[in-house]
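Engineer: Below is one structure. I have some questions about it.
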Amino acid sequence: MKILVVDDEEDVKSLFEQKFRKEIRSGLFQFSFAFSGEEALSYMASHASEVVMILSDINMPGMSGIELLKSIRKDFPAAPPQVMMITAYGDSNNHDQAMQLGADDFLTKPVNFVELKEKLLMVQE
């Protein structure tokens, strides 16, 4: 399963590669990383049909995760990836807005990787 992780903090790449080392090695999950909403849209423009899941931070400089979600739902309806929003702020406003715009799930930081792995495996099935 191809997963695009969108987060302005670049250390998230090594964190995901470490936490999912076994799944990456076995080919179960394949991660790509974008460090802004704009970069994510650019990636989606050339890889839309491959991406099964997008994990996006909400609070990013420039395009927020909410704006990214709006664009994905508008511009990629043919191959809609599942979108899971991630935020450090578990406030209901972000949650409600993300869900209304078509987010499939919602996680708060710090990410519970055991829970995330379970959710990704359910999508995989």
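We did not get these values from a lab; they are worked out from the coordinates using the rules stated. All values reported here derive from a predicted model rather than from experimental measurement. Please note: Cβ atoms are built from the backbone with ideal geometry, for glycine as well, and neighbour counts cover all protein chains shown.
Engineer: Once label points are set 7 Å from the Cα along Cα→Cβ at both S14 and E115, what is their separation, rounded to one decimal in nm?
Structural biologist: Taking the two extended label points, one gets 2.6 nm.
Engineer: Sticking with this structure for a sec: Compute the relative contact order of the chain as a whole-number percentage, counting only Cα pairs closer than 8 Å that sit 6 or more residues apart in sequence.
Structural biologist: Relative contact order for the chain comes out at 23 percent.
Engineer: Which value in Å does the Kirkwood hydrodynamic radius of the chain take, with 1/r averaged over all unlike C-alpha pairs and then inverted?
Structural biologist: By the Kirkwood definition, the hydrodynamic radius is 14.4 Å.
Engineer: Roughly speaking, what is the stretch gain from L28 to H47, that is 0.36 nm per residue apart minus the C-alpha to C-alpha distance, in nm to one decimal?
Structural biologist: 5.0 nm
Engineer: Which residue fluctuates most in the GNM of the chain (Cα springs below 10 Å): V51, V83, V114?
Structural biologist: Residue with maximal mean-square fluctuation among V51, V83, V114: V114.
Engineer: Looking at the chain as a GNM with Cα springs under 10 Å, which of I72, I24, I58 has the largest mean-square fluctuation?
Structural biologist: Looking only at I72, I24, I58, the largest GNM fluctuation is found for I24.
Engineer: Then there is this: Fully extended, how many nm does the chain gain between R21 and A88 (0.36 nm per residue separation, minus their Cα-Cα distance)?
Structural biologist: 21.7 nm
Engineer: Under a point-charge model restricted to the Cβ atoms of Lys and Arg (+1) and Asp and Glu (-1), what is the dipole moment magnitude of the range 2-124 relative to its Cα centre, in debye to the nearest 20?
Structural biologist: Magnitude of the dipole: close to 460 debye.
Engineer: Follow-up question, since we're still on this one. In whole angstrom, how far apart do the alpha carbon centroids of the range 29-65 and the range 72-125 sit?
Structural biologist: 12 Å
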